[in-house]
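Read through the structure below, which is laid out as structure tokens, and then see the notes.
The values are calculated or read from the model by the stated rules, or taken from the named source; none is laboratory data. Computed from a predicted structure; not experimentally measured. What goes into the accessible areas is simple: the full protein's heavy atoms, side chains included, and nothing from ligands, DNA or RNA. Shrake-Rupley method; radii C 1.70, N 1.55, O 1.52, S 1.80 Å.
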Amino acid sequence: LKSGGANTAVTEKNKKEYIERMVKWRVERGVVQQTEALVRGFYEVVDSRLVSVFDARELELVIAGTAEIDLNDWRNNTEYRGG
């Protein structure tokens, strides 16, 4: 978790640091393979050159859209068929 950490006893003084480092290590280690697979799959569908023009917030908006739902827009642009 840190240099020389194997030889460092966990005490009340350094307990918070140990917990923070342990949580970070477990979370990052636990999703590395899944994240890499997701990124590979994403780039199979979307050319990486097209994605590079967006920052993270813009890319999220392009992929997921906005969280706001305009019900009037839905009503005005929905065509009902079959009952």
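Annotations for the structure displayed:
- √(5λ) per eigenvalue of the Cα gyration tensor, the chain, largest first, Å: 46, 19, 13
- The stretch 5-77 - percent of accessible surface contributed by carbon and sulfur, probe 1.4 Å: 56 percent
- Every helix of 4 or more DSSP H residues in the chain counts as -39500 (n - 2.57), and over all residues that averages to -19000 deg cm²/dmol at 222 nm.
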